[in-house]
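Okay, structure first, notes after.
Readers should treat all values here as calculations from the given coordinates under stated rules, not as data from a laboratory. These figures come from a predicted structure and were not determined experimentally. Methodologically, a virtual Cβ is constructed for each residue, glycine included, from the backbone with ideal geometry; neighbour enumeration extends over all protein chains shown.
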Amino acid sequence: HVFEGILWLFFLASLTFVLPQFLHLCGVVHRDVKPENLMFDASNRLKLCDFGLAAEKIGQFVKTRSNLAGTPRYMAPEAFKNEPCSEKIDIFALGLIIWEMYTGRLPWAGRSFSDVRTCVSNGSERPAIPSSAPPELARLICGIAILLFPLPLFAAYFYCTVFTLFRQSAGRMTRTAA
């Protein structure tokens with residue numbers, strides 16, 4: 001796993017604040033959320049960078065000439081289909097980033113743009129969640145990937161899941177130290 005213990009959970013908690021709690025509440029959809037656009041500043045605060053594809057959300061959807069934008073391995077189905085997009089496309093990318101952090105692998109590695117577009121657009125395939133993943137994490141990634149949660153409930157569910165994983169991680173560290 002790329003991140004372990006406290007650092008992993010801190011990163012997850014930071015992502016929940018940066019995206020749904022700040023950016024989306026301001027009516028901005030990033031449209032290119034990916035690890036390369038996430039950085040820590042000198043105070044170890046997570047920063048989302050590169051707003052070149054960002055768009056303002058007007059009403060239910062972002063207002064752009066084309067929604068076919070972003071980095072293919074992190075794009076949501078509606079972006080690939082050039083359909084109206086909302087902040088859900090950023091949340092979808094977040095699910096793929098969490099999957100990547102847990103597995104240490106790039107989503108869709110070795111697949112062509114056309115292949116990824118087909119798989120994501122028609123919902124026929126998603127990166128497999130390892131059986132070793134904690135059940136809470138697996139449910140979180142699955143929920144994000146298919147957006148089971150209405151967006152207002154997303155942050156609350158995310159925080160509860162991160163807190164549960166933190167408690168489990170702290171319990172393992174205490175047992176190991178004893």
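Descriptive notes on the structure:
- Environment charge at residue 29 (Cβ cut-off 11 Å; Lys +1, Arg +1, Asp -1, Glu -1): 0
- Distance distribution P(r), the range 31-143, all Cα-Cα pairs, bin width 10 angstrom from 0: 13, 42, 35, 10, 0 percent.
- Under 20 Å, Cα to Cα: Lys pairs in the range 21-99, sequence gap 8 or more or different chains: 9
- For the range 29-90, convex hull volume per residue from C-alpha positions, Å³: 83 Å³
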